[in-house]
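The values are calculated or read from the model by the stated rules, or taken from the named source; none is laboratory data. These figures come from a predicted structure and were not determined experimentally. With ideal geometry, Cβ positions are generated from the backbone for all residues, glycine too; neighbour counts draw on all protein chains shown.
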Amino acid sequence: MEPSTFARDSFGTWAGLAERKFGSVPGKAFLRGNLGLTGCEISVNRLPAGRGMPFLHDHRRNEEVYLVVGGEGTFHVDGSEFPLSEGSVVRVAPGAARGIAAGSRDLDYVCVQVRAGTMDTATIEDGFRRDGAASWMP
């Protein structure tokens with residue numbers, strides 16, 4: 001049994017995501033439940049080449065950040081469309097209609113969803129050094 005200070009899980013390989021489903025949506029796995037996340041929702045996603053979300057959606061209170069880790073595609077937000085490739089990062093505010101599609105290659109991405117306007121400290125202000133060392137530290 002793991003300590004209550006962390007949780008870990010595996011969604012498998014990116015290629016294996018193609019076999020997973022969230023409801024009727026293929027290639028999607030949410031991590032919140034298995035990790036016990038309390039401040040955000042994270043999904044890992046694989047869209048097969050030439051396929052896209054079948055609908056636009058938005059959120060009432062949550063912003064989303066999309067981080068493309070492989071492949072290429074197109075992002076749609078409020079009537080604008082632009083290309084995506086590995087390394088692309090997109091933030092979408094609540095109330096904006098959004099959708100995503102893969103291009104000629106499978107599109108692998110992570111989507112992080114969090115309540116907009118709730119972050120009141122940045123990492124540098126919230127984090128601090130602790131005593132101790134990990135196995136790789138001198």
Got a number for residues in the stretch 81-124 being under 15 Å from Y66 (Cα atoms), in contact (Cβ under 8 Å) with a residue 40 or more places away in the chain and among the hydroxyl-bearing types (S, T, Y)?
1
Which one is surrounded by the fewest Cβ atoms within 10 Å (Cβ to Cβ) among residues in the stretch 100-130 that are modelled with pLDDT of 90 or more and not in a strand (DSSP E or B)?
S104
Return only the number of the condition from (1) at pLDDT 90 or above; (2) over 23 Å from G117 (Cβ atoms) that F22 does not satisfy.
(1)
Sort out which residues of the stretch 1-38 are in a helix (DSSP H, G or I) and surrounded by fewer than 16 Cβ atoms within 10 Å (Cβ to Cβ), and write them in order of number.
A15, G16, A18, E19, R32, G33, N34, L35
Checked the stretch 82-127 for anything among the basic types (K, R) and within 17 Å of H57 (Cα to Cα); matches are R91, R98, R115
Answer with yes or no whether A97 is touching a Leu at 6+ places or on another chain (Cβ under 9 Å), modelled with pLDDT of 95 or more and farther than 14 Å from Y109 by Cβ.
yes
Say we look at the stretch 83-97 and pick out the residues that are more than 14 Å from the chain's Cα centre (by Cα), surrounded by 13 or more Cβ atoms within 10 Å (Cβ to Cβ) and of a type outside the set (G, A, S); which of these is farthest from N45 (Cα to Cα)?
P94
Test V90 against the stated conditions and say whether it is within 24 Å of F6 (Cβ to Cβ) and assigned to a strand (DSSP E or B).
no
